[in-house]
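**Student:** For reference, the structure I am asking about is given below.
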Amino acid sequence: MTNDVMTKPHHLIASDRVEGTTVRRPNGDKIGHIERLMIDKATGQVAYAILSFGGFLGIGTNLIPLPWASLTYDPELGAYHLDIDDVELKRAPSFLADKDFDWGDRTREEDLHRYYGIPPYWGGY
């Protein structure tokens, strides 16, 4: 028996391979990178990607929760696309790296989905 495993292309990716991935605008401009993923404990569905944006060496860095459905992966660039301009990005719901978003407040999550115009991952508003 051999340990050689033939790898076939697939649609799954390990979370540690997503973390750190660049997020770009459709024109290729870099916005930031994915800091971490938020996963629904009951369903296992990825709900949000946390975008690290701005700051220097972690100081003053804003973390922006993005509905997972707002991102599109571009395999040629090895990056996720987010169609948002700087003004929208700066107005987006966010929190500082040394704080945390209140994930227990469903109203804040609903506001987040309304901001991006994307239905909530749990369905309906």
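**Student:** Among the GluC sites (Glu not before Pro) within segment 21-113, which fall in a DSSP loop and have no more than 14 other Cβ atoms within 10 Å of their own Cβ?
**Tutor:** Hits after loop and neighbour filter: Glu76.
**Student:** Shifting gears a bit: What's the percent breakdown of Cα-Cα distances in segment 15-116 across 10 Å bins, shortest bin first?
**Tutor:** 15, 50, 31, 3
No lab work stands behind these numbers, since they all come straight from the coordinates. Keep in mind the model is a prediction, meaning the values are calculated, not measured. Because the Cβ atoms are built from the backbone with ideal geometry, glycine has one as well, and the counts that use them run over all protein chains shown.
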